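A short write-up of the structure that comes next.
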Amino acid sequence: MEQRHLGRTGLRVSRIGLGTLTWGRGTDEHDAADLVKTFWEAGGTLVDTADVYADGEAEYLLGRIVDRLVPREDLVIATKAGSVPDPERRFDGSRGHLLGALDASLHRLGTDHVDLWQVHAFDPLTPLEETLQALDIAVTTGRARYAGVSNFSGWQLAKAATWQLALPAGRTRLASTQMEYSLLQRGVEREVLPAALDLGVGLLPSSPLGRGVLTGKYRHAAFPGPPGSSGASEHLAGFVAPYLDDAGDRVVDALTTAADGLATTPLQVALAWVRDRPGVCAPLVGPRTSEQLAAALSAEALTLPDEICQALDDVSAPVHRYPDQDWSTL
């Protein structure tokens, strides 16, 4: 699998990453092991998790699998911290919480360091410089090799990345930002992606298949989705539902037409589209079985013709007016 630099750093990652959101719930240890082995054998390196996925079970499973099946040095392990199960305060970016969460993650993962450590979300109640200091400490103490953020808006990302660049000798450059990005969710193109491109921060798209909708499996299925799908599951039905609408149907129809013309699948076309967008380093796919993963990895050989990309751009185009357009034309 082709490798790409993560942002403006020396870290190289496979251009498709493996996500672990369902591990510990819909994906058990046996299936998770099959996923990692299939991914590794295909040349995949980037595996992304978080301390809150299944309340830490996803990290625990990954640690057990790496210890038994895959050499630790062959993987780029990324995890996140900052989300908390508190309805009064969903995110905690304080230095104390983040560093404590990192130590707990390392224990579950069974490793002395992660390759990429990410702040899971912006915490408006903690000074940003305190949050960023936790990243600096993690890197300088060797517990993390690189640092990034997740779910930061454009101004939040720009502020954080600029702060870290202000004194290069003492601060850790942000390597990445993880955001949802697909043909069904192009909101990052408004401000996040321009900021990332300007500041040399690599984009890791989550849910690149539109939470599964872009595979086409919901196209003619009865609500909430085919048996065994995320849309029909107790934990993820609400996650999928927002894209099961008329706008989503139009994009899936166009995607299916493109796939038919290329003698491939909607999944492959959707993944190739987002993988090759400017600024993207590695879309993170979240298959539940090795068969689903193999289908995603088969997109490695696909490069979309320009006319197909343009047609998909047009049908999925978000509404961006002021201030993205010249105000005098509005």
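The values are calculated or read from the model by the stated rules, or taken from the named source; none is laboratory data. Predicted model, so just to flag it, every value in this text is computed and none were measured. In this analysis, Cβ positions are derived from the backbone assuming ideal geometry, glycine residues included, and neighbour counts consider all displayed protein chains. Note: accessible area is taken over every heavy atom of the protein model, side chains too, but ligands, DNA and RNA are not part of it. Shrake-Rupley method; radii C 1.70, N 1.55, O 1.52, S 1.80 Å.
Ranking request for peptides 28-38, 298-308, 42-52, 191-201: highest mean number of other beta-carbon atoms within 10 Å first, then the rest in descending order. Could the numbers behind the result be given before it?
Values: 28-38: 18.4, 298-308: 14.7, 42-52: 23.2, 191-201: 20.2.
Taking the mean over residues of other Cβ atoms within 10 Å, the ranking is 42-52, 191-201, 28-38, 298-308.
Treating the beta-carbon of each Lys and Arg as +1 and of each Asp and Glu as -1, no other charges, what is the dipole magnitude of the chain about its Cα centre, to the nearest 20 debye? Walk me through the intermediate numbers first.
On the way: 29 positive and 43 negative charges, 105 e Å.
In total the dipole reaches around 500 debye.
Using helices alone, I'd like the mean residue ellipticity at 222 nm for the chain: each DSSP H run of four-plus residues gives -39500 (n - 2.57), total over residue count, nearest 500.
That comes out to -11500 deg cm²/dmol.
What distance in nm lies between label points placed 7 Å from Cα along the C-beta direction at Leu262 and Ala294?
My value for the distance between the label points is 2.1 nm.
Just to be sure I understand the model, the point goes 7 Å from the Cα along the line to the Cβ. What's the resulting Asp253 to Arg12 distance in nm?
4.4 nm
Cα to Cα, under 15 Å, and not fewer than 8 places away if on the same chain: which aspartates and glutamates meet these conditions relative to Lys159?
The reachable aspartates and glutamates, counting only those whose Cα sits under 15 Å from Lys159, are Asp123, Glu129, Glu130, Glu191, Asp198.
Would you mind telling me the share, in percent, of accessible area of the chain contributed by carbon and sulfur at probe 1.4 angstrom?
Percent of accessible area from carbon and sulfur atoms in the chain: 52.
By a straight-distance test (C-alpha under 28 Å), which lysines pair with Lys37 as possible cross-link partners, with residues fewer than eight away in the same chain excluded?
Filter leaves Lys80, Lys217.
Grab the Cα-Cα distance for Ala166 and Asp246, subtract it from 0.36 nm times how many residues apart they are, and report the gain in nm with one decimal.
That works out to 24.2 nm of additional length.
How many percent of DSSP beta bridges within the chain run antiparallel, rounded to 5?
Bridges in the chain that DSSP calls antiparallel: roughly 15 percent.
Under 19 Å from a point 7 Å along the Cα-to-Cβ line of Glu73: which residues of the stretch 19-54 have their amide N that close?
The answer is 40-41, 43-47, whose backbone nitrogens lie closer than 19 Å to the label point.
Less than 12 Å Cβ to Cβ from Val319, Lys/Arg counted +1 and Asp/Glu -1: what total charge do the surrounding residues give?
Within the 12 Å Cβ shell, the charges total +1.
Could you identify which residue out of Arg173, Arg68, Arg275 has the top mean-square fluctuation in a GNM of the chain using Cα springs shorter than 10 Å?
Maximum among the listed residues: Arg68.
Using a simple spin-label model with points 7 Å from Cα along the Cα→Cβ vector, what separation in nm is obtained for Lys37 and Met1?
Taking the simple label geometry, Lys37 and Met1 are separated by 1.7 nm.
Mind grabbing the base-10 log of I(q)/I(0) for the chain at q = 0.07, 0.12, 0.15 Å⁻¹? Debye formula, identical points on the C-alpha positions, no solvent, two decimal places.
-0.27, -0.83, -1.31
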